[in-house]
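*Asks:* Sharing a structure below in structure tokens format, with a few things to ask.
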Amino acid sequence: MTWRSYCKRANCVEVLETGDTVWVRDSANPGVMLPVPAESWVAFLAGVRAEALRAAADDLIAMTTDPFDLLTESVGIRGPVAVSLWLQDRATKAVTDA
């Protein structure tokens, strides 16, 4: 079994999946491990991804007075309905990829 590391700057979290349990630890203190039920871990990741998507959408809106124009240019979609469908599709993929 292999621990996977996720780092941001010097802060690292390590994750080990062992069937029904996911173990989480701080790489600076590897002797202390937190057991998390696998289904709870999946739900946690889905929530993190959904929040990241919401934050990205908020950033997009803050970047321009007309976010639809920006999406039209960057993604090639047209109109508010298309933008809404595109964002819903991204949110669905973020949850199903979790």
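*Asks:* Could you tell me whether Val32 is modelled with pLDDT of 65 or more and assigned to a strand (DSSP E or B)?
*Replies:* yes
*Asks:* Quick check on Ser84: is it polar (S, T, N, Q) and at pLDDT 85 or above?
*Replies:* Spelling it out, it is not the case that Ser84 is polar (S, T, N, Q) and at pLDDT 85 or above.
The values are calculated or read from the model by the stated rules, or taken from the named source; none is laboratory data. Keep in mind that what you see is a predicted model, and the values were worked out from it rather than measured.
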